[in-house]
Structure formats: structure tokens, C-alpha cells
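Inspection log for the structure reproduced underneath, given as C-alpha cells.
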Amino acid sequence: MSSPVIELDDVTKVYPLPAGDVVALNGISLSIDEGEFVAIMGPSGSGKSTLLNQIGCLDRPTSGNFFLDGKNIREMDDRELTDLRLSSIGYIFQKFNLIPLLSAYENVEYPYIMKYRKNDDTGRVRDLLALVGIDESLSTHKPNELSGGQQQRIAIARALVNDPAILLCDEPTGNLDTQTGAQIMEVLSDLHRKGRTVIMVTHESEIAAYAERTIVIRDGRVA
Amino acid sequence: MIGNDIILALSARSVRLHFLRSVLAALGIVIGVVSIASIGMMGANMTLSVTEELSDMANKLTVTSYTGGGGGMMAGPGGGGGGSDSDDDEDVITEDEFKDIQRIVAKYGTAYTVRSESDQIEVGSEEGRATIYGLDPDIIREILTVEEGEYPKSTASVVVGPTLAERLDLKIGSKIDIGDPDEGSTTTVRVVGILEERGMTMDLSTDMAIIGTDKLFTGIYGGEGEYNQVNVVVDDLDNIDTVETAIEDELNKKEDTVTVQDSSRMTESITETVSTMTTFVMAIAGISLLVAAVSIFNVMMMSVNERIREIGILRSIGTQRAEILRMFIYEAGILGLVGAVIGAVASLIIGYVVVLGMVGTTEYFFAAGSLIYVPEAMVIGAAICIVTGVYPAWRASNLDPIEALRAE
């Protein structure tokens, strides 16, 4: 339970703009161990989202090294990064981001099919839906027929389907009412108790309180 | 449950979600496929029916006097018109030449002489012009088919072609005065038979002609032992070239005295004309496919723009660029395929009507040479769709996932 699953070593991210370069991450270093539940906080414009994109393998650092599960992201091309997003990261978004054309079940199954090139015949999708508290009767519904809380539960199930190294949550309760938000946080806490590494970006301290450790970002650095 | 190819399923669902839009886009392809296929089929049917008609003459040769220019393609006898007694010795086949031809042909088939002249005629008070043929009575019986009446036996009786008969209201027993009364005496003949329609031929054009015995002809125009043309009928089609070469070698030994023509040149020329025309019209029809391509392009761009966020989601949870590309190419492909299949069915129906209307017969409609245009047009239609979908798909696959996720 002590090997770092995320390791940022002096990571810088600079966006070149005509008006001058914008330094979003300014030599940030941090390390997150396997099984941790970490909240990343910071005011808007602090570089929080940029850091999230780095950890989510949607972007590469301008300089410095980022290791995910021991692999250096900086050397990877788009194809390898995409593979990493598929297998090693479970992404949970503020706006749920389910695929509108797919049913609840299919949404959860999608990354599995992408990874294994076949339908799930292990019952994993069904089990995950049960785990996050989605009735089998709901599994054939399209996302727009479901409530926000239900959609976020399905999104969590989808994030877990390929057994990722980390669960990456971007304001997971931002679009939910307090009560539903609390329920979602219960699901995430439960996953953490079962050994999952959970990294969560939030600006609400009540939500951050669910985490064991809080990292505050300010001006592209760890404050 | 979803099939293994979830990417294809996503494309199909996207098409279904925007059903009306997709149908309209596919309709463009349908129209394009129908126009190309039916015009192609029309041309093919025209060519096939003309070729068939001409192949009836494939075993025939015409021998005319060499005039230096090689002779016109349709060098029918009597085409020269002009004065009635102006036959120059140079423009005719002599009795000796005919004997030579007959000797060469004897082994392979038969040869017969044709005399012809274009002259003024008068029926009752109606005047007109017609070609007058003089043929051996036995040959008339052998070569021509009388639809009504009988074959001419005496020098006073003739048979007439159906077009002429209709135009001048000729019946069995009608009297025709041949010759210009201002230039001399006229000869009165009686119609004893009306011929079957013969259509386009190069040996004898009888539909607009009066056919009498050679004695009647020489009685009016003179020219004993001189012929305008010698027609050769070869029994076995395989010998046609042998006969043609033999006649040319024998009669044109010292200098060119005769021109031998077969039907192949005419067939070639007509086929070429029809296919040039068809290609041209098909190119115009192709413009409709171009319009269809623009509408597919538009629909694909709309589909990409509407789904930027969805593309961002798909990319962020681990969908490769190539798979996004595939998803949109599939979408264009589905539109193209649906359009092409509906278009194919419609072209069979519309093509049949067009062929019936324009060619007059659907005898060759189901021939391979005609039906081939249906799959051809389908492939063109579907291919255009997919090619048109490439750019929108490429754009979709190259979206930055972070930017795409931010889209509303």
C-alpha cells in the first residue's frame, strides 16, 4: 500500500499564447500512493484543471516527468496515452458524460469492449451496476431518461469496468443536489475502503472532507 | 446487448437518431444512382438493339463501283439521284465484273445484281420521289418478303415498300406513273404487293422504294449489262472475310475498280455514336451525384459539430483517433449504402420505363451489358459518400479531447 501510483516530478505546463506564455503548472511535484483518497483543492485559475488533465493523461507536461503506475507519460504518443486512459484511469466527470446513444448497461460495457474487443461475458458489467446501486430494470434506459444521481452512479461503474489504477473524479458532486452528492460520496468512500486509489478535484471543503489527504494548489504550485 | 463492433453500432444509432436528415441526405444518393443507372441502361439497350438489328446483315456484302473516295458508309444504290440516263460507265458494275464476282462467291453463297434509280413518281394526282429497284424476279422472291399481295411476275407489276405505301396511300391494284412527264414518256405500273418492313439495312433500302423486275427497269432506263451494285449473301458467316478479300484481290488487281463493304463498319460507327452520347448524358447525370455529395458532406459536418462533446467523452475514456475516424466513415457509409440499395431498386423500375419509352423494346433490359449499370452506379454512389465523409471524419478524429470535452 505504499508504492506511488502517481508521481509528478517538477512538472511544468506552459500554454503558448500570442499575448505571452501562460504558465499553468509551475514546477509541481507530488506523489500519491496506491490506495490513497486524495482531494485536490484550489481556487479557479490555480492550475487545478490543468493538473487534472495531466493526471488524466489527456495532456503531456511541457517539462518534468509524470509517472502513472511507473510509466513516464512524457514519452508517450497519442495512441499510448489513449490506451492508458482506457486501461489505467477511471474518469468521473462533473457532468457525468455518459454517451447519449448508449443505454446504461452499454455505457458501462463500452470501455470493456474497447479494451477486449468483445462483449462482457463475465457478468462484470452487471455486478458493477449492482455495486453502484443501479437496478437491472434501469440498465436498458438511455442516460437522458435517468436522474443525475443515477447517471453519476453509472459513470462510476463505467470508470471501474477496466479495473483502473486510479479513479479520477472531477467535481463529482458539482451537478448534484447535496443529498445526492452525499450518496455519491458514500459510493466513492466505499470504493476507497475496498482499496481503490481515488483522486478527486473539488472546490467544496465539505466534499474534500471525505478524503484522507488534501492537496491545495495555488498559482500552479502545491501550496 | 450490442454487437462486438460498438463503433458501428454508434454510427447506426446516430443515423437513426437523425432519421429525417439522414433520409434526405441518402435521397440525394438515390437520385444520383437512379439517373446514372437508368441512363447507362438506356444507352446499353440502344446499342444492343441496334447491334442486333445490324447483325442480321453481318453475312452480307455490297460491291459497288470504285469512285475514288471510298464511298459513303450508307452507300445505298441510287443514292446519287440526278438525271435518269446519266449513268456513267465508270459508276457501274459491268456484266464481266459481275461474272467474276459470281464465280468467286459461288462456293460460299450467292451474288445478285441490283439496278436502282431515284425518279419522280405520280400516284393519281399526288407526286413524289422514290427509289426504283430492278431485280431478277427469282431474287425478289428469295430476298424480299411480301406482307400483302404477291410478287411481281410481269414488267407491268411492282411491289412497294410499306413506308411508301402508307405515305402515298398505295393499295394492291394502285397505279403508279414512273418518270417526269415534262422530260418524256412515263411508265405506268400496277402494285401487286406490299413488302414487310425491313428497317435499316445496307443492301437494299426497300421501305421507301418501288421494286420491279430487271426487265421493267431496263425498259425504262436502259443500261443492259450494267449494274449499280452487286449484293453478296454468304451462307457461312465465317467466310465473310475470305469472300471480301477474294473479291477485292480479283477485281482490284490492277487498279481499284470496286468497293466492297460489309456491315461491321456501320455497326461500329453506330455503336460508337450511341456510346458517346450515353457517356455525355451520364456525365450530366453525374452532376446529381455531385450535389448529393455536397449534401452528405453537409450532414456529416453537422453530425460532427453536434457531437463534439460526445467525441471528447469517447476520446477521454480511451477511444483511439482511428476509431473516431471509423465511426464517422461508417456513418457516411451507411447513408451511401442505404442510398445505393434504394437507388438500385428504383433504377430497375425507372430504368425499365425509360428503356421502354426511349428504345421501344425491353428485350435487352435484363442482358448483362445493361444490368451492369446498376451495380456500377451503386458502387459510384456509395464510394462518393465514403469519400465525402473522409474530411468530416478526419476533423472529428483530430479534435483535442480537452477542448472537445469543454464544448456544450
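At-a-glance table
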| read-out | value |
| --- | --- |
| Which numbered condition B:Ala111 misses (of (1) surrounded by 15 or more Cβ atoms within 10 Å (Cβ to Cβ); (2) of a type in the set (Gly, Ala, Ser); (3) more than 31 Å from the chain's Cα centre (by Cα)) | (3) |
| Test result for B:Gly184, free of Cβ contacts under 8 Å to residues at least 12 places away in the same chain and small (Gly, Ala, Ser) | yes |
| Residue match in the stretch B:13-21 (condition: away from chain A (no Cβ under 14 Å), touching a residue at least 60 places away in the same chain (Cβ under 8 Å) and surrounded by fewer than 23 Cβ atoms within 10 Å (Cβ to Cβ)) | yes |
| Given (1) more than 10 Å from chain B (Cβ to nearest Cβ); (2) within 23 Å of B:Gly312 (Cβ to Cβ); (3) surrounded by fewer than 21 Cβ atoms within 10 Å (Cβ to Cβ); (4) among the charged types (D, E, K, R), index of the condition A:Arg126 fails | (2) |
| Residue within the stretch A:11-21 that is outside any loop (DSSP other than H, G, I, E, B), within 14 Å of another protein chain (Cβ to nearest Cβ) and exposed (fewer than 15 other Cβ atoms within 10 Å of the Cβ) present | yes |
| When residues of the stretch B:272-308 are limited to those that are surrounded by 22 or more Cβ atoms within 10 Å (Cβ to Cβ) and within 14 Å of chain A (Cβ to nearest Cβ), the one nearest to B:Arg21 (Cα to Cα) | B:Ser303 |
| Positions within the stretch B:320-353 being without any contact (Cβ under 8 Å) to a residue 40 or more places away in the chain and closer than 30 Å to A:Ser88 by Cβ, in sequence order | B:Gln320 |
| Yes/no for B:Val23 being over 13 Å from B:Ser295 (Cβ atoms), in a helix (DSSP H, G or I) and of a type in the set (A, V, I, L, M) | no |
| Subset of the stretch B:209-251 [surrounded by 17 or more Cβ atoms within 10 Å (Cβ to Cβ), in a loop (DSSP other than H, G, I, E, B) and within 33 Å of the chain's Cα centre (by Cα)] | B:Asn228 |
| Evaluation of B:Glu166 against (1) assigned to a helix (DSSP H, G or I); (2) touching a Phe, Trp or Tyr at 6+ places or on another chain (Cβ under 6 Å) (one fails), failing number | (2) |
| Answer residue from the stretch B:22-58, given it is surrounded by fewer than 16 Cβ atoms within 10 Å (Cβ to Cβ) and under 30 Å from B:Val260 (Cα atoms) and is nearest to the other protein chains (Cβ to nearest Cβ) among those | B:Glu52 |
| Conditions (1) within 11 Å of chain B (Cβ to nearest Cβ); (2) under 16 Å from the mean Cα position of the chain (by Cα); (3) crowded, with 21+ Cβ neighbours inside 10 Å; number of the one not met by A:Ile55 | (1) |
| Residues satisfying the stated conditions in the stretch A:96-111, i.e. within 10 Å of chain B (Cβ to nearest Cβ) and surrounded by 22 or more Cβ atoms within 10 Å (Cβ to Cβ) | A:Phe96, A:Asn97, A:Leu98, A:Tyr105, A:Glu106, A:Asn107, A:Glu109, A:Tyr110, A:Pro111 |
| Matching residues in the stretch A:139-162 - criterion: being away from chain B (no Cβ under 13 Å) and assigned to a loop (DSSP other than H, G, I, E, B) | A:His141, A:Leu146, A:Ser147 |
| Scan of the stretch B:326-341 for residues that are surrounded by fewer than 24 Cβ atoms within 10 Å (Cβ to Cβ), more than 19 Å from A:Met114 (Cα to Cα) and over 35 Å from the mean Cα position of the chain (by Cα), ordered by number | B:Gly333, B:Ile334 |
| B:Gly193 being closer than 30 Å to B:Ser49 by Cβ and at pLDDT 90 or above | yes |
| Unmet criterion (only one of (1) more than 14 Å from chain A (Cβ to nearest Cβ); (2) in a helix (DSSP H, G or I); (3) modelled with pLDDT of 85 or more) for B:Ile311 | (1) |
| Sole exception among (1) among the charged types (D, E, K, R); (2) free of Cβ contacts under 8 Å to residues at least 40 places away in the same chain; (3) within 9 Å of another protein chain (Cβ to nearest Cβ); (4) assigned to a helix (DSSP H, G or I) for A:Lys115, by number | (2) |
| Any hit, the stretch A:83-93, residues being away from chain B (no Cβ under 11 Å), without any contact (Cβ under 8 Å) to a residue 40 or more places away in the chain and at negative phi | no |
| Test: residue in the stretch A:43-53 that is over 18 Å from A:Ser88 (Cβ atoms) and part of a strand (DSSP E or B) | no |
| Residues satisfying the stated conditions in the stretch A:60-82, i.e. buried (at least 20 other Cβ atoms within 10 Å of the Cβ) and either within 29 Å of A:Glu204 (Cβ to Cβ) or away from chain B (no Cβ under 11 Å) (or both) | A:Pro61, A:Phe66, A:Leu68, A:Ile73 |
| Residue list for the stretch B:59-69, restricted to those being surrounded by 20 or more Cβ atoms within 10 Å (Cβ to Cβ) and either of a type in the set (Gly, Ala, Ser) or part of a helix (DSSP H, G or I) (or both) | B:Ser65 |
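The values are calculated or read from the model by the stated rules, or taken from the named source; none is laboratory data. Source: prediction; values computed, not measured. When we count neighbours, we look across all protein chains shown, and the Cβ atoms used for this are built from the backbone with ideal geometry, even at glycine.
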